[in-house]
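Throughout, read-outs are computed from the coordinates displayed, never taken from laboratory work. Please read these numbers as outputs of a predicted model, since none were measured by experiment. Neighbour counts are summed over all protein chains in view; Cβ atoms, including those assigned to glycine, are modelled from backbone coordinates with ideal geometry.
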Amino acid sequence: MTAPRLTVDLAKITHNAGVLVSRLGAQGIGVTAVTKACLGSAAVAKAMRLGGVAGLADSRIENLRTLREASVAGPMTLIRSPMLSQVEDVVRYADTSLNSEPTVLAALSAAAVAQDRSHAVVLMVELGDLREGILPDDLLAVVRQTLLLPNLVLAGLGTNLACQSGVEPDHHNMAELSRLTDLVEAACGISLTIVSGGNSANLDWALSTANVGRVDDLRLGESILLGREPLRRRPIEGLHTDAFRLFAEVIESKVKPSEPWGHIAQTAFGVQPRRADVGDVNQALLAIGRQDVDPDGLVPQGPGRIIGASSDHLVLDAGPNRLAVGDEVAFEVDYSALVRSMTSPYVIKVLITAS
Ligand SMILES: *Cc1c(COP(=O)(O)O)cnc(C)c1O
């Protein structure tokens, strides 16, 4: 079989989604499954749906369009603020979008009017991670503006933590989101149905707190796909961490010294740390590189250690046993390696369906 190859075990994804749906369900929280790491793969989205998630979400409208055109069922949310240049497609392909800019809200409204549709919006609140979100002091004003816009339905509030600055979701910032929800409802005489507390980084909080407050939704990608929580990248008990496997092929295998010789300047990708002299090693060259994957996010399955990477080569210290040209090496991927290998046209994707 051709390499490099990323295998996707759909039953493991369904299992992970199902376990998270039931654990969070017990806390009164629904799951919106995020498909962006898989480029809006319809097969992966369907596997997530089989696990019982309430809806699907992606950061790119192109991916939601792919899902719609593949007849994947269920409500769909765009989780990155729409580009002004894409509002027509956002209204056409997404039921809901997450928003933080009044200009974009007005444009979504105009597009919804033109298409004679209704579009739901969730207003994102900045709670300290300093990526997207309306500052709490400005929230009521934006809510009032939104309520005046025709064909837009204000569905609720959301926030996103841990992505930009690593701010942990905890009882302080989650209670603040609940407080803002109550405040908006009281001040404007409306009721909000979606209070979206965040991403996979919210799991520790959501599964351990005695009081989730108003939070009734989490948007989960990494935890479903890779079975890990992203704050400390610990495996989540009962979930598969190996739904994805990357295979690369050996194109050279030789015993070489561990230290380079000659005068050392920069490499193709900047200054590399000096390698320690450990004598000769079984070096293997694999036909995969930075174009295809984030080498730092790969864990070789079996003996062997990654000692370098350039655009098209990955250099492995194969350990005690020499690999043969043509052998394959399997890797576990982290989120960064997953996203990059999914995006590389050179990496073949192989779906494993239940046998
Ligand atoms: C990517 C993203 C998510 C999903 O994050 P995971 O850590 O993969 O669960 C949720 N919400 C927003 C706004 C995102 O951009």
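For Leu192, which of the numbered conditions (1) in contact with a strand residue (DSSP E or B) (Cβ under 9 Å, 6 or more places away or on another chain); (2) at positive phi fails to hold?
All conditions are met except number (2).
So that you can scan it fast, the table gives a plain yes or no per residue for (1) surrounded by fewer than 21 Cβ atoms within 10 Å (Cβ to Cβ); (2) more than 14 Å from the ligand (Cβ to nearest atom):
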residue	(1), (2)
Gly213	yes, yes
Leu231	yes, no
Pro235	yes, yes
Ala248	no, yes
Pro260	yes, yes
Ala265	yes, yes
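Condition test on Ile29, is it within 16 Å of the ligand (Cβ to nearest atom), under 27 Å from Leu149 (Cα atoms) and of a type in the set (Val, Ile, Thr)? Don't jump to the end; show me each part of the working.
Working: within 16 Å of the ligand (Cβ to nearest atom): yes; under 27 Å from Leu149 (Cα atoms): no; of a type in the set (Val, Ile, Thr): yes.
Judged against the criteria, Ile29 is not a match.
Identify the residue in segment 191-211 that is farther than 23 Å from Thr14 by Cβ and in contact with a helix residue (DSSP H, G or I) (Cβ under 7 Å, 6 or more places away or on another chain) and, among all such residues, is nearest to the ligand (Cβ to nearest atom).
Here the residue is Gly197.
For Glu222, work out the one condition from (1) out of contact with any Phe, Trp or Tyr (no Cβ under 6 Å at 6 or more places or on another chain); (2) within 15 Å of the ligand (Cβ to nearest atom); (3) touching a residue at least 12 places away in the same chain (Cβ under 8 Å); (4) of a type in the set (D, E, K, R) it doesn't fulfil.
(1)
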